[in-house]
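Reviewing the structure listed below.
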Amino acid sequence: MSYLEIKELDKKYTAKGPLIVDKMNLSIDQGEFIVFLGPSGCGKTTTIRMIAGLEEVTGGDITIEGESILDKLPKDRGVSMIFQSYAIWPHFTVFENIAYPLKLQKIDKNEIRKRVEKAAQVTQIDNLLDRYPSQMSGGQRQRVAVSRAIVVNPKIFLMDEPLSNLDAKLRVSMRTDLRDIHDKLGTTSIFVTHDQSEAMSLADRIIIMNRGRIEQIGTPVEVYQQSATKFVAGFIGTPPTNFFEVTITEADKKLIATGGGVQLSLSKKDTERLSSYKGKTVDMGIRPEYLGIVPLDGHLENSFATARIDFIEQQGSHAILIATIGTNTVKIETSDFMNIKAKSEVQVFVKKEMVSFFDKETTLRI
Amino acid sequence: MDRLNIVQKTLMTLTLAFMVLVVVIPLLFFITVSFSSATDMTEFPKRLLPTRSVTVYIEPVEGDTYELFYDYGRGDGYTSIITTGVADRLETHFQRQYSVSVSGDKLLEDFSRTRIEGPMTFSYKKDAFYNFKQFFRIIPNAAPALKNSIIVSLYTILISLTLGSSAGYVIARYRFAGREQLNVALLIVRMFPTVGISIPMAVMLIKMGLFDTMLGLALLYSIPNIALTSWITSSIFIGINKEMEEAAWIFGASRVRTFINITLPLAFPAMAASSMYSFLTAWNDTISALILTNENQTLSLVVYKAIGTTSSGIQYAAAGSIVLILPALVFTFIIRKYIGQMWGGVEL
């Protein structure tokens with residue numbers, strides 16, 4: 001049985017307003033590191049705040065260990081939270097900040113000291129306990145917030161974009177630390193972010209949300225390679241998936257996708273999958289790294305398209321080519337032809353097994 | 001910012017100096033008056049710093065009497081003032097005229113030296129706070145009025161802070177219909193002069209049995225200050241990140257506890273600033289107190305009346321005014337750093 005269960009969860013801020021969270025269903029196992037990922041306004045923060053008890057639930061239920069928590073106050077839910085703004089109290093010292101939740105539980109003073117010191121050691125701020133937040137850097141403040149969250153031994157550890165106020169370098173090291181702390185303590189964690197690299201590197205499972213709905217639940221590799229919807233394919237990955245509007249036609253018992261200056265004969269698997277789409281238009285998604293180029297005069301067995309290179313973004317280890325194929329602008333990742341000239345024409349080929357197709361109406365993966 | 005050149009600098013300094021003088025000279029004069037004896041008051045030109053001692057010239061006269069001379073500093077030398085040998089008269093004269101508190105017997109004893117050594121001058125140290133003591137002596141209700149002023153100020157602070165900050169918190173944190181209108185309405189309340197609402201207030205207070213009480217007076221003073229307090233505090237409450245409160249809720253604090261432990265301390269500068277405004281309203285008001293009190297007068301009212309009635313000496317009224325200014329000065333001084341924090345934009 002799952003640890004945290006969300007059933008048919010709805011949220012509206014005003015009675016006639018739009019659904020911010022729409023019939024959400026989710027179950028989370030104990031000890032999992034879950035990341036809610038989505039663009040701003042997708043309802044991910046609202047969901048985590050409903051779990052914390054900071055927002056009222058419009059419909060549906062949330063249970064922890066089989067027990068509904070909707071009627072409980074935030075303090076009785078056994079959750080702890082790290083906020084985007086850190087939300088550590090500036091008029092308390094670091095020690096007082098971490099000790100405050102324990103003080104409210106009327107725990108013995110010596111016990112408080114012990115637990116605070118232990119929690120501070122985990123985040124390596126045990127030498128800063130007498131300082132005030134104003135005397136600390138952003139990263140240190142965030143560590144105080146983490147210590148405060150773990151000192152109460154919560155059932156669930158909620159994190160609402162905790163790294164977005166840190167600078168880029170600190171963000172990367174802090175996320176490693178967060179994952180490390182999670183692995184040590186084994187507390188079920190829910191992490192909200194709009195940063196996919198954070199999500200990919202932290203999560204056991206990623207929950208991708210869009211407009212109040214879950215688009216896909218899956219491991220980082222699954223959401224990347226087996227994107228369930230067109231939205232996910234376009235959202236995950238930097239640079240994102242290239243989309244082509246293609247029409248499926250049959251030739252020599254094989255299916256061919258054509259349109260917008262591209263032509264691709266489908267792999268055997270895709271031929272089976274798309275058999276009912278003959279004559280229909282679908283969205284074809286290809287990730288930049290599954291596109292390759294050869295010079296115009298080079299030998300290519302299965303040419304996908306001819307492309308004109310517009311810009312080249314050097315990344316050091318590889319280059320992102322921004323190219324025009326027919327009416328589409330596409331991004332191609334290459335490490336073989338890094339010194340290619342802009343405005344030149346090339347042939348493009350494709351790694352056939354890695355092509356995804358999405359239904360035009362449902363946007364679901366075919 | 002560009003550095004000022006020498007001309008600009010000079011002009012700037014002169015302007016500032018002028019502005020300081022405009023404020024300081026009358027204040028200094030006023031302080032001097034409050035420390036002046038009755039004879040000092042007759043001097044012309046008046047000195048800016050009060051004298052600390054008084055010198056009299058004594059000539060022995062037949063019998064047990066002495067003739068007393070005083071130099072008014074008009075350039076005509078010593079003038080004969082009184083001739084007496086009565087200890088009580090001398091003592092009273094020295095107190096009233098020179099603010100010197102020495103017993104009459106001691107004076108007679110000192111003067112007796114002139115019988116052997118001939119006419120001579122005597123210097124006595126002035127009792128610096130004579131006017132202040134005299135103020136409370138000649139105006140018998142000054143002491144209770146001081147107490148009343150303190151009480152009414154505390155009441156006003158308490159009422160405005162409790163109601164005003166609650167209102168400020170609600171305006172800052174909750175979205176409800178009419179919120180904007182309420183905000184404007186609060187300003188409108190502030191537009192009414194307290195004198196204007198004193199008359200209907202008097203009627204109401206009489207009906208409520210609060211006429212001539214400090215609580216009744218504090219209610220009147222609180223009217224504009226509740227509005228001001230909620231304005232000041234709501235802007236501070238908005239500035240306090242809501243997540244700080246939410247963190248407290250999650251980590252085990254009730255709403256009330258969160259407000260007391262987290263929100264209030266963070267809003268303290270705003271509380272201090274608005275309590276200063278409340279204090280000053282209650283402490284400085286004269287007119288409303290005149291209308292709404294009968295026997296339980298406040299200090300500012302008593303000082304106001306003293307200026308009009310004590311023909312015996314404006315210096316006593318000046319002393320009373322200093323008594324009136326001091327607490328306001330001290331109070332403002334104590335909380336100035338919080339006001340600095342508030343307008344100085346402290347990170348919350």
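The values are calculated or read from the model by the stated rules, or taken from the named source; none is laboratory data. Given the structure is predicted, the values throughout are model-derived calculations rather than measurements. All Cβ positions, glycine included, derive from the backbone under ideal geometry; neighbour counts span all protein chains shown. All accessible areas refer to the heavy atoms of the entire protein, side chains included, with ligands and DNA or RNA removed. Shrake-Rupley method; radii C 1.70, N 1.55, O 1.52, S 1.80 Å.
Bin all alpha-carbon pair distances of segment B:5-47 at 5 Å intervals from 0 and give each bin's fraction as a whole percent.
6, 20, 17, 14, 11, 11, 8, 7, 4, 2, 0
Filter the DSSP H helices in chain B by two things, a Kyte-Doolittle mean of at least -1.0 and an axial alpha-carbon span of 20 angstrom or more, and list the hits by number.
Helices meeting the span and hydropathy rule in chain B are B:6-34, B:142-173, B:214-239, B:268-284, B:314-343.
Round to a whole angstrom and tell me the spacing of the C-alpha centers of segment A:40-67 and segment A:193-246.
Answer, in whole Å: 22.
Using only the Cα atoms of chain B, what semi-axes does the equivalent ellipsoid have when each is the square root of 5 times a gyration tensor eigenvalue? Give whole Å, largest first.
Each semi-axis is the square root of five times an eigenvalue, giving 55, 26, 18 Å.
Which value in nm describes the separation of the simple spin-label points at B:Ile287 and B:Val256, placed 7 Å from the Cα toward the beta carbon?
About 4.2 nm, to one decimal.
What is the Rg over Rh value, at two decimals, for chain A, using alpha-carbon atoms and the Kirkwood definition of Rh?
Across chain A, the Cα-based Rg/Rh ratio is 1.07.
Report B:Phe30's accessible area, 1.4 Å probe, all protein chains in place, as a number in Å² to the nearest 10.
Probe radius 1.4 Å; accessible area of B:Phe30 about 60 Å².
Ignoring GluC sites (Glu not before Pro) that are buried or in helix or strand per DSSP, and keeping those with at most 11 other beta carbon atoms within 10 Å, what is the longest stretch of chain A between them?
So the longest stretch without any such site is A:57-300.
Please give the charge dipole size of the protein assembly as shown, origin at the Cα centre, charges +1 on K and R Cβ atoms and -1 on D and E Cβ atoms. Round to the nearest 20 debye.
540
Can you give me the pair-distance distribution of segment B:1-98, C-alpha pairs, 10 Å bins, whole percents?
P(r) over segment B:1-98, rounded to whole percents: 13, 30, 21, 14, 10, 7, 4, 1, 0.
By how many nm would the segment from B:Ile314 to B:Arg52 grow when fully extended, if each residue of separation counts as 0.36 nm and the alpha-carbon distance is taken off?
Full-extension gain reported as 92.4 nm.
How many percent of Cα pairs in segment B:177-311 exceed 22 Å?
53
Given N residues in the protein assembly as shown, what is its alpha carbon radius of gyration divided by 2.2 N^0.38 Å?
In units of the globular-protein estimate, the protein assembly as shown measures up at 1.56.
Work out the FRET efficiency for A:Asp336 and A:Gln124 from their Cβ-Cβ distance, taking R0 = 30 Å, and round it to the nearest 0.05.
In this case the efficiency is close to 0.10.
How much of the accessible area of the protein assembly as shown, probe 1.4 Å, is carbon plus sulfur, in whole percent?
Reported share for carbon and sulfur atoms: 57 percent.
Enter the buried accessible area of the A/B pair, total of both sides, probe 1.4 Å, in Å² rounded to the nearest 100.
1900
Skip the ligands, DNA and RNA, and give the accessible area per residue of the protein assembly as shown with a 1.4 Å probe, whole Å².
So the protein assembly as shown comes to 50 Å² accessible per residue, rounded to a whole number.
From the residues A:Gln263, A:Ile248, A:Leu178, which one has its Cα farthest along the dipole of segment A:162-286 in the positive direction, the dipole being from +1 and -1 charges on Cβ of Lys/Arg and Asp/Glu about the Cα centre?
Selected residue: A:Ile248.
Can you give the average number of partner chain beta-carbon atoms within 10 Å of each beta-carbon in peptide B:249-261, as a whole number?
Mean inter-chain Cβ contacts per residue within 10 Å come to 6.
Using a Förster distance of 35 angstrom, determine the FRET efficiency expected from the C-beta separation of A:Thr329 and A:Glu272, and round it to 0.05.
Given R0 = 35 Å and the Cβ-Cβ separation, E is 0.65.
Enter the Cα centre distance for the pair segment B:8-84 and segment A:260-316, rounded to the nearest angstrom.
Spelled out, the Cα-based centre of one part sits 104 Å from the other.
Given an 8 Å cut-off on Cα distances and at least 6 residues of separation, report the relative contact order of chain A as a percent.
15
Can you give the three extents of the C-alpha atoms in segment B:156-208 along their principal axes, from longest to shortest, in whole Å?
38, 22, 17
Averaging sequence separations of C-alpha pairs under 8 Å and six or more residues apart, then dividing by the length of segment B:1-130, give the relative contact order as a whole percent.
25
Quick one: give the max-minus-min coordinate of the C-alpha atoms of segment A:1-122 along each principal axis, largest first, in Å.
If we take the Cα atoms of segment A:1-122, the spans are 50, 34, 25 Å.
Apply 1/(1 + (r/R0)^6) to the Cβ-Cβ distance of A:Glu8 and B:Val203, taking R0 = 56 Å, and write down the FRET efficiency to the nearest 0.05.
0.35
For B:Tyr174, B:Tyr57, give the ranking by accessible area with the largest first, probe 1.4 Å.
B:Tyr174, B:Tyr57
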